[in-house]
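Chemist: The structure is given below, and queries will be raised subsequently.
The values are calculated or read from the model by the stated rules, or taken from the named source; none is laboratory data. Small disclaimer: the values here were computed from a predicted structure and weren't measured. Here Cβ is always computed from backbone atoms with ideal geometry, including for glycine, and neighbour counts include all displayed protein chains.
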Amino acid sequence: MWLATVGCNQKMNDGPRYKPLAASDFFPDGQSARPRVRGTIFHGETDHGGMAEGRGPDGDLAVAFPAPVTRDLLARGQQRFDIFCSPCHGRLGNGDGMVVQRGFRAPPSYHTDRLRQAPVGHFVDVIANGFGAMSSYGTRVPPADRWAITAYIRALQRSQRTTIADLPADQRQRLLETP
């Protein structure tokens with residue numbers, strides 16, 4: 001009985017397969033390695049309709065948050081940002097984190113015009129898939145936290161360019177009365 005099991009297993013182990021990046025005559029492009037199919041999800045991750053990577057149903061980068069941005073969401077975003085992002089991007093998103101201070105390449109500041117004008121889906125996509133020197137955090141940061149971090153990034157961006165005139169009248173008055 002035991003030999004039959006070993007024999008079956010051996011056939012499965014010796015089955016046809018390709019080595020990584022080996023040539024293949026099966027596919028028209030001659031490559032055995034296949035790109036990830038758009039819309040597929042990783043094992044253990046639930047389907048978020050493209051929102052896990054910052055994309056809407058049409059496949060374009062999302063321009064709005066899929067849920068309301070609340071204080072709780074911002075607090076979660078700040079916590080996750082401090083853990084995953086601030087070592088490189090710095091606590092204010094200026095691109096001057098501890099990793100950079102120790103000689104590694106600086107990421108872009110979130111306060112550049114290009115990133116202030118980027119759709120929110122861009123940040124979620126970069127967290128999920130990486131970009132440039134930044135590696136993917138898709139397996140380390142769940143989709144809900146990607147959106148929370150993005151909300152916090154937007155709050156950081158806004159905080160650096162807000163003037164007293166942008167405040168509601170009651171808060172502006174209270175601020176002016178504070179000694």
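Chemist: Spot the failing condition for Ala144; the list is (1) closer than 26 Å to Pro57 by Cβ; (2) small (Gly, Ala, Ser); (3) part of a loop (DSSP other than H, G, I, E, B), and only one is missed.
Modeler: (3)
Chemist: Given (1) closer than 18 Å to Arg55 by Cα; (2) touching a strand residue (DSSP E or B) at 6+ places or on another chain (Cβ under 8 Å), identify the lone condition not met by Arg146.
Modeler: For Arg146, the failing item is (2).
Chemist: Conditions: (1) modelled with pLDDT of 95 or more; (2) closer than 21 Å to Arg55 by Cβ. Gly138 meets all but one. Number of the miss?
Modeler: (1)
Chemist: I'm trying to understand the selection: among the residues of region 47-81, which are at pLDDT 95 or above and in a helix (DSSP H, G or I)?
Modeler: Across region 47-81, the qualifying residues are Arg71, Asp72, Leu73, Leu74, Ala75, Arg76, Gly77, Gln78, Gln79, Arg80, Phe81.
Chemist: So which helices (runs of 4 or more DSSP H) are wholly in region 85-140 and hold at least 2 residues that are farther than 18 Å from Arg158 by Cβ?
Modeler: Helices (runs of 4 or more DSSP H) meeting the threshold: 86-89, 98-101, 120-129.
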